[in-house]
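The values are calculated or read from the model by the stated rules, or taken from the named source; none is laboratory data. Please read all numbers here as calculations on a predicted model, not as lab measurements. Backbone-built Cβ (ideal geometry, glycine too); neighbour counts: all protein chains shown. Each accessible area value is taken on the protein alone, full model and side chains, heavy atoms only, with ligands, DNA and RNA left out. Shrake-Rupley method; radii C 1.70, N 1.55, O 1.52, S 1.80 Å.
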Amino acid sequence: MSTTTDAPDTTDTTATGRFGGPPVRMPVFAASLTGVLVMAVWALVSPGSAESALGAVTSWVTEWFGWFYVLLATAVLGFVVYLGLSRYGHVRLGPDHSRPEFSTFAWASMLFAAGIGTDVMFYSVVEPATQYMAPPEGGPAAESVGAARDATVWTLFHYGITGWGMYALMGLALGYFCYRRGLPLAVRSALAPVLGKRIGGPLGHAVDTAAVLGTIFGVATSLGIGVVFLNVGLNVLFGIGVGTGAQVALAVLAVVMAAVSATTGVDKGIRLLSQLNVLLALGLAAWVLVTGNTSLLLNAAVANVGDFLRSFPAKTMETFPFLDNASWMGSWTLFFWAWWVAWASFVGLFLARISRGRTIRQFVAGTLVIPFLYIVMWISIFGNAAIERIRGGDTSFAETAQDFSGVGFYDLVAGYPLGKVVIGLAFFVGLLFYVTSADSGALVMANLTSRLGDLTEDAAGWLRITWAAATGLLTIAMLLVGGITALQYATIIFGLPFAVVLVLVMVGLVRALRVEGRRADSRDQTLNAVLSARAAAVPREDRTVSWRSRLARATNFVDRTDALEHLRDVVGPALTEVADELCRHEVATACENEIDSATPAVTLRAAGVDPEFVYRVELEMAPVPTYGGRMIQSRDTYARLEVHLSDGGQGYDVMGWSAAQVIHDCLDHYERHLEFLRLAEPTTTG
């Protein structure tokens with residue numbers, strides 16, 4: 001027998017943890033924090049041993065898994081491009097009725113901000129100069145015109161669309177499974193089609209632990225680069241010595257700023273500063289472009305894009321099998337690919353949160369194109385400016401530009417008008433990038449180790465402080481071991497486990513989107529009630545409603561009271577009747593009455609099938625169109641009774657429908673659901 005029940009109260013907040021906030025996933029938190037502390041303590045107690053071991057393991061990973069990193073990076077990029085161009089491109093990261101929260105301009109601005117950081121400033125001079133002076137074996141001769149063209153292209157390659165393909169993959173997976181399938185905003189959710197219910201057990205914990213470890217080593221690498229870069233800036237501006245003391249102080253600053261953000265709620269201010277930072281960075285680049293050799297820089301930028309497009313197919317699969325470039329690969333391509341992998345969860349979670357309601361096609365196009373445009377602009381300007389100065393005969397700058405301290409960047413901008421002011425601006429831009437990276441990194445790791453009850457909820461402040469402190473400790477430990485080189489080693493090593501997770505994420509997305517395809521096929525292969533004559537049982541007066549009556553219903557924009565009455569007196573009894581009949585056919589069905597809730601609705605659930613069938617009629621207020629009808633009593637909104645299925649709102653209104661029409665509409669969707677289950681049967685039973 002069916003039941004008509006009141007929906008459970010959903011206003012209760014999520015159960016809090018012991019120290020306040022959402023509960024902590026203790027297996028993930030304990031395992032990942034233990035791994036970080038063991039690594040940090042080892043590095044602090046025995047830095048020589050740690051450096052030797054990291055170097056040995058990195059050599060082993062480079063030799064045996066270098067091909068895997070290269071192949072994975074290419075496969076991920078091809079995969080996300082395929083999804084964007086495929087039949088699944090129209091699928092939304094959210095219910096069918098969801099629409100983007102942010103305008104295209106605001107969304108593009110946030111993608112733009114996500115694609116930059118202190119490390120881009122650092123490597124925009126270091127890598128082009130290094131690749132020009134010491135290119136990989138088999139390439140153009142050092143200090144040649146070919147090396148000059150290739151040097152900037154290698155930097156574009158390492159910072160370009162390949163890495164953003166990894167970010168896009170995780171953003172797609174998290175956004176799809178969280179906002180469209182209602183799973184927690186956690187990496188394990190992306191593996192639900194692969195692991196099934198086991199995502200709630202040890203396997204799920206292992207996946208999230210790998211994500212946290214990869215994230216913290218990736219963030220620590222960025223902070224380590226930022227510490228060294230800012231320390232040099234302080235030396236240039238104020239004469240503060242370059243060394244461990246200043247670098248430890250800067251690491252502590254990042255922890256303190258993240259703690260202040262967590263406890264005072266200034267994260268909105270941090271986001272505003274991040275957007276300001278983008279404008280300042282653009283201003284800095286524009287100054288170098290306008291006051292420098294503008295013609296050469298513009299010509300070089302166009303040539304760089306052409307060279308990048310021409311050489312990308314060869315570079316993306318390059319492993320140098322017959323050349324002795326293992327050291328070069330470990331320092332550049334493999335390091336960057338591991339770094340992108342380590343940051344995939346971090347940036348992917350951010351991308352998912354700002355992209356709810358966008359289609360897969362919009363998401364892929366935006367995340368691959370928008371940040372890359374910034375990368376091309378920044379690296380082409382600063383990289384080519386550095387190469388021009390070296391080719392002009394400045395041998396001293398050639399040496400400093402290759403130094404992994406960032407001093408080359410400051411030396412470069414010091415040569416332009418208002419050099420001290422430009423250096424100060426560059427330092428401030430780097431500082432803001434540094435602080436926001438520390439704060440958002442702590443937030444993401446705290447969220448990954450929490451059980452969040454709401455999609456907009458964040459982890460407790462104390463947990464964010466804990467992860468900020470752990471990141472600061474790890475950064476300091478790695479700097480003491482071997483500086484940026486040690487951070488590169490650790491990134492390559494700890495990125496490997498999560499690289500395997502990325503493979504499983506692709507498998508999970510393929511399986512989930514095949515289900516989306518079958519759902520669409522089931523709709524195409526079934527006829528609605530009017531065409532199939534299934535409405536023959538509807539009373540004649542309902543089937544012969546005059547077109548004038550239909551037009552009157554379409555142009556009479558009713559108020560909330562009328563809609564509530566129709567929901568209670570017509571829709572509710574109709575769906576209860578369907579539920580009773582389904583129960584008589586041994587289909588476990590319930591009709592939930594939520595008319596008195598904040599969002600009035602009546603929901604029919606047939607739980608005897610997997611996935612369950614949902615037919616929900618929900619009252620929503622909408623603006624009265626400015627055409628095609630009249631407003632009642634000068635109201636500018638009216639009430640609609642919208643139909644929602646398990647995959648979201650369907651965009652039509654059943655206000656004014658008879659009980660028989662509601663019943664047949666429900667049965668239309670139920671038959672489509674059965675057709676979907678039939679099409680999916682080979683997979684579910686295989």
Quote to one decimal, in nm, the extra length available between A106 and L373 on full extension: 0.36 nm per residue of separation minus the C-alpha distance between them. 94.5 nm
Calculate, for T291 and K197, the FRET efficiency according to 1/(1 + (r/R0)^6) with r their C-beta to C-beta distance and R0 60 Å; round to the nearest 0.05. 0.45
Using Cα atoms only, what is the angle between the long axis of helix 659-685 and the major principal axis of the chain, expressed in degrees (0 to 90) to the nearest 10? 50
Run the 1.4 Å probe and let me know the accessible area of E457, rounded to the nearest 10 Å². 50
Using a 1.4 angstrom probe and counting only protein chains, how large is the accessible area of K420 in Å², to 10? 130
Would you mind getting the accessible area per residue of the chain, heavy atoms of the protein chains only, 1.4 Å probe, in Å²? 42
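Sort the chain into rounded, prolate or oblate with this rule: let a ≥ b ≥ c be the square roots of the eigenvalues of the Cα gyration tensor; rounded if a/c is under 1.5, and if a/c is not under 1.5, prolate when a/b is larger than b/c, oblate otherwise.
Values: a/c = 2.18, a/b = 2.02, b/c = 1.08.
Prolate, since a/c reaches 1.5 and a/b exceeds b/c.
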With a point put 7 Å past each Cα toward its Cβ, work out how far T319 is from A414 in nm, to one decimal. 4.4
Can you give me the % of accessible surface on the range 236-389 that is carbon or sulfur? Probe 1.4 Å, all protein chains present, nothing else counted. 70
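Within the range 25-94, what whole-number % of the accessible surface is contributed by carbon and sulfur, with the 1.4 Å probe and all protein chains included in the calculation?
Taking all protein chains in place, the range 25-94 shows 75 percent carbon and sulfur surface.
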Residues of the range 182-202 with amide N under 19 Å of a point placed 7 Å along Cα→Cβ from R514: 190-198
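Can you classify the range 393-510 as rounded, prolate or oblate using the Cα gyration tensor, where a ≥ b ≥ c are the square roots of its eigenvalues, rounded means a/c under 1.5, and otherwise it's prolate if a/b beats b/c and oblate if not? If you can, show how the numbers build up before the last one.
Numbers: a/c = 2.30, a/b = 1.76, b/c = 1.31.
Cα axes put the range 393-510 in the prolate bin.
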In degrees, nearest ten, helix 145-159 long axis to first principal axis of the chain (Cα): 40
What ranking, highest mean first, results for peptides 656-667, 279-290 when packing means the other Cβ atoms within 10 Å averaged over each residue? 656-667, 279-290
Express the carbon and sulfur contribution to the solvent-accessible surface of the range 403-480 as a percent, rounded to the nearest whole number, probe 1.4 angstrom. 67
